[in-house]
Every structure is written in structure tokens, then in C-alpha cells.
Amino acid sequence: MRLFKQLLVATAAALPMLAMAHPGHDHHSGFWAGFVHPFTGLDHLMMAIAFGVLMWTANQRWKLLGLGGLVIAMIFGFMVGSQGVISTSLAESGIIASLVLLAVSLWTKSNKVLPVATVLLASFHGVAHGSELGQGGHAALLILGMVVAMSSIYVMGLGLGAFVKKYVPYGKQIIGGLAAVVAVIGLA
């Protein structure tokens, strides 16, 4: 039992590093570096999956608009970040805000205004990557890899949303709670 408690404390201490994928980039560029990156951070995974779950509950038009909005917001954010217009610390705060807003959207069953605001806040994910990775060259391939990966994760979120809606009571609220936990970890 004592070993279990020690492992639990060690895991809890490591959670902030797992939540934010932005520190510790190896600054490689290119399509594969961009594609792999979103799978390495809990913030990316939670953002795209939770957004997919949220969009699943909306009507068909919103599902496609959600994906399009997410892609445009990430590309716009990456371009802004690579120009150094917004600081990385502000971008990190925007990422946390996007996760909190997603949690609120999922918890309150809002599928009109809050998803649009979430898409706008998703641009901060692009800003963070643009400011940290945009100067390394091959930015177009890097952002293409990130967009393809985030879109894939979003589609997985749509599938999870379908599953949750059909089989898991209070599933949206559970995923909203997980998004909130990731945001709180990001604040640590």
C-alpha cells in the first residue's frame, strides 16, 4: 500500500509535464514532426477529442464547420505565433482557457455559441507552436502535419461522441470533467 501511495504521488507530480506538450520540443521541422507532436501531449489530445465529442452532439452542419474552424484557427494561430505577435505565455493561457471552455460546453450541453468560442481559442494552440517551432524552417510541412494529426484526433473525438451519446450515461459531462482536469493540471 505504501508503494502504491508513493507511485501515486510521483505520478501526480509528473502530470503537469504530461499535460502541456509545448515545453521540451526538439525543434525538428517537417511533416512527420508536426504529425507526431499532437499525439505527445495531453493538452492536444484532450482539446481535439473533447471538441469532437462536443461537435458530435451538434447537428450535421456543425460537425463539418467544427473541423473547418479548428483547421483554420490552428493555421491562423501558427502564422501569428511565427511572427511573434503574441507571447508564448499568453498562448499557454489561451490553451488552458480553451480546455476550460470545452469543459463548460460539454457540461452545459451548449452546442451553439461556446463551440465557436472554443474554435477561436484553439488558435492559441497554433500560436504556441508557431512561436516555438515556426522559425525552424519547413513551417508549411510542420503545420500540415499538425493539422492532419489534430483533424484525425478530432474525427476520433466524433467517433467517441457517437459512442458516448449512445452507450455512456453522462458521458459528455465525464469528458468535460476530464478536460477541466487537464486545464487545472496545466495551471500547475
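Any read-out appearing in this document is the output of simple, stated calculations on the displayed coordinates, not a laboratory observation. What you are looking at is a predicted structure, and each value in this text was computed from that prediction instead of being measured. All Cβ positions, glycine included, derive from the backbone under ideal geometry; neighbour counts span all protein chains shown.
Quick look at the numbers
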{"item": "Spin-label zone in segment 41-60 - amide nitrogen under 20 Å from a point set 7 Å from the Cα of VAL168 along the C-beta vector", "result": "41-59"}
{"item": "Point-charge dipole on Cβ atoms (K/R +1, D/E -1) for segment 27-187, about Cα centre, debye to 20", "result": "720 debye"}
{"item": "Viscosity 1.306 mPa s, 10 °C: Kirkwood-radius Stokes-Einstein D of segment 27-187 over Cα pairs, µm²/s", "result": "104 µm²/s"}
